[in-house]
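J.: Structure provided below as structure tokens; questions to follow.
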Amino acid sequence: MENEVVNLFKTYQETSEYNLLVSFKGRLSQEVLTELGSMIRTSLSTESKIKKIFAVFIELAQNMLHYSAERKINEEQKDAGVGILIVRENSVGYHVASGNLVLNEKIEFLTERIQKINSMSKDELKSFYQQQLRSERPEDSKGAGVGLIDIARKSDGPLVFRFDKLDGKLSFFTISAFFTKEN
């Protein structure tokens, strides 16, 4: 592999419309997650919604860690998900987003789930959340299946998502939550 010039100026220009608070791409570990969390807390120390933003960041990170179709073995020989996480700020608010590979067979389920969640009021989300906590754990879930519901409950708008198909087996799944500034 030869040394090459990395065009960071292009990236710099692309990010000039917002303040990039956190950006991470790679294999996620608990240690990395702890450090990124510290960065968020420091960057948003004066923001009244810091707890909600931080909770959504952690939930998106855990989704990537557990459900990304791209896996790498970490130092402890544990399987960990690979993807990208960002927290960015513009004049009206904050976007917390993640992206990772998913099997194409998961697209329909994720689309239906997010559309259902987006169609609910805050009160309906609360009831649905509680109902999910009491119900059987989904077969391939690492938790109670409430992560996306919790993200929607905390954010200030609908969840925004997309799938970019890579091939017959995999797609890149991006999901974003938004928080308005209060000051």
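The values are calculated or read from the model by the stated rules, or taken from the named source; none is laboratory data. Everything numeric here is computed off the predicted structure, so don't read it as measured data. Using ideal geometry, Cβ is built from the backbone for each residue, glycine included, and neighbour counts are taken over all protein chains shown. These accessible areas exclude ligands, DNA and RNA; they are computed on the full protein's heavy atoms, side chains included. Shrake-Rupley method; radii C 1.70, N 1.55, O 1.52, S 1.80 Å.
J.: Rank by packing, highest mean first: peptides 146-156, 19-29, with packing defined as the count of other Cβ atoms within 10 Å averaged across residues.
T.: Ranking the peptides 146-156, 19-29 by packing returns 146-156, 19-29.
J.: Moving on to the next point. Quick one: order 111, 46 from most to least accessible surface, probe 1.4 Å.
T.: 46, 111
J.: Would you work out which of 125, 40, 87 lies farthest towards the positive end of the dipole of region 1-154? Charges go on Cβ: Lys and Arg +1, Asp and Glu -1.
T.: Most positive-ward Cα: 125.
J.: About the Cα centre, and with charges only on the beta carbon of Lys, Arg (+1) and Asp, Glu (-1), how big is the dipole of region 8-122? Nearest 20 debye, please.
T.: 280
J.: Distance in nm between label sites at residue 4 and residue 71, each 7 Å beyond Cα in the beta-carbon direction?
T.: It works out to 3.0 nm between the two label points.
J.: Among 131-137, 171-177, how do they line up from the highest to the lowest mean number of other beta-carbon atoms within 10 Å?
T.: Per-residue mean Cβ counts within 10 Å order the peptides as 171-177, 131-137.
J.: Still on this structure: Test of understanding: what is the full-extension gain from residue 29 to residue 45, defined as 0.36 nm times their sequence separation minus their Cα-Cα distance? Mind dumping the intermediate values first?
T.: Details: separation 16, 0.36 × 16 = 5.76 nm, distance 2.39 nm.
Full extension from residue 29 to residue 45 adds 3.4 nm.
J.: Moving on. So how do 88, 162 rank on accessible area, 1.4 Å probe, biggest first, that is with the largest at the start?
T.: Heavy-atom accessible area, descending, gives 162, 88.
J.: What does the net charge come to around residue 150 if you take all other residues with beta carbon closer than 11 Å to its beta carbon, with K and R at +1 and D and E at -1?
T.: Its environment carries a net charge of +3.
J.: How much of the accessible area of the chain, in percent, comes from carbon and sulfur atoms when a 1.4 Å probe is used?
T.: 51
J.: Which lysines have a Cα less than 20 Å from the Cα of residue 10, not counting those fewer than 8 places away in the same chain?
T.: 25
J.: Testing the spin-label approximation: label points 7 Å from Cα along Cα→Cβ at residue 135 and residue 19. State their distance in nm.
T.: Spacing of the two 7 Å Cα→Cβ label points: 4.0 nm.
J.: Computed from these coordinates, which is Kirkwood radius over Cα pairs in Å: (1) 15.9; (2) 17.6; (3) 23.2?
T.: Step by step, Kirkwood radius over Cα pairs in Å for this structure corresponds to label (2).
J.: Further, regarding this structure: When the chain is treated as a GNM, springs tying every alpha-carbon pair under 10 Å, which of 89, 108, 47 comes out with the largest mean-square fluctuation?
T.: 108
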